[in-house]
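Notes to accompany the following structure.
The values are calculated or read from the model by the stated rules, or taken from the named source; none is laboratory data. Model, not experiment: these values are computed from the prediction. Heads up, the Cβs are rebuilt from the backbone with ideal geometry, glycines too, and the neighbour counts pull from every protein chain shown.
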Amino acid sequence: MDEKEIGYFAGIVDGEGTLGLGADKRGGKIRGYAPYLMIPNTSREILEKIVQIAGTGKIRIRKEAEGNHKRQYVVTFKSNALREILPLIKDILCKKEQAELLLEALTLNGNLQHIGNARHKHTEKYQRLVEIYDKLKVLNARGYSLRSLPTLSMEHSSIL
């Protein structure tokens, strides 16, 4: 990727992407975690450009068109692609903390696609994965967050 492509990719991730850890739940228990970057968009052309820049990825339909809503596509990147992509887009703004947490999660278990085996739930590594998973859930939640709320100056504190 050249600098222009890195900037384009980073901008799309910051604006449209979700960086997270998916919990592999089977039998009602978490068996491990799978890192991902998911980018949804109604423009297939934008996602084709993202796949071309990354050199990997498959676009699929996420939601069919319904009523006033357009068809939505999505491209998802998993562990191996993320190990290459995340260090390149380190200058993202809004999702910088998510990217750093995901990079940390990826380093905890080396080259495995699926990280954190529940058999090791008492280890420090596994406990850190759980912390990262919980933190990413909060950071990726929809709606207002404390980071998005304006701060009040002391002169406005009387309204509290």
note = Taking the stretch 1-28 and keeping only residues that are of a type outside the set (Gly, Ala, Ser), out of contact with any Pro (no Cβ under 9 Å at 6 or more places or on another chain) and not in a loop (DSSP other than H, G, I, E, B), one is left with Glu3, Lys4, Glu5, Ile6, Tyr8, Phe9, Ile12, Val13, Asp14, Asp24, Lys25, Arg26
message = Step by step: first the residues of the stretch 63-78, then only those that are in a strand (DSSP E or B) and not aliphatic (A, V, I, L, M), then the one that is farthest from Thr107 (Cα to Cα). Which residue is that?
response = Glu66
remark   = The one condition Ala34 fails out of (1) more than 23 Å from Leu103 (Cβ to Cβ); (2) aliphatic (A, V, I, L, M); (3) touching a Leu at 6+ places or on another chain (Cβ under 8 Å) is (1)
message = Being on the phi < 0 side of the Ramachandran plot, free of Cβ contacts under 8 Å to residues at least 60 places away in the same chain, surrounded by fewer than 19 Cβ atoms within 10 Å (Cβ to Cβ) and not in a helix (DSSP H, G or I) is true for just one of Arg31, Arg60. Which residue is that?
response = Arg60
Selection within the stretch 34-57 - touching a Lys or Arg at 6+ places or on another chain (Cβ under 8 Å) and not in a strand (DSSP E or B) = Thr42, Val51
query = Any chance the stretch 135-142 includes a residue that's more than 15 Å from Tyr33 (Cα to Cα), modelled with pLDDT of 85 or more and surrounded by 12 or more Cβ atoms within 10 Å (Cβ to Cβ)?
reply = yes
ask   = What number of residues within the stretch 1-28 are touching a residue at least 12 places away in the same chain (Cβ under 8 Å) and in contact with a strand residue (DSSP E or B) (Cβ under 8 Å, 6 or more places away or on another chain)?
value = 11
inquiry  = Can you say whether Ile50 is buried (at least 18 other Cβ atoms within 10 Å of the Cβ) and in contact with a strand residue (DSSP E or B) (Cβ under 8 Å, 6 or more places away or on another chain), as far as the supplied structure shows?
reply    = yes
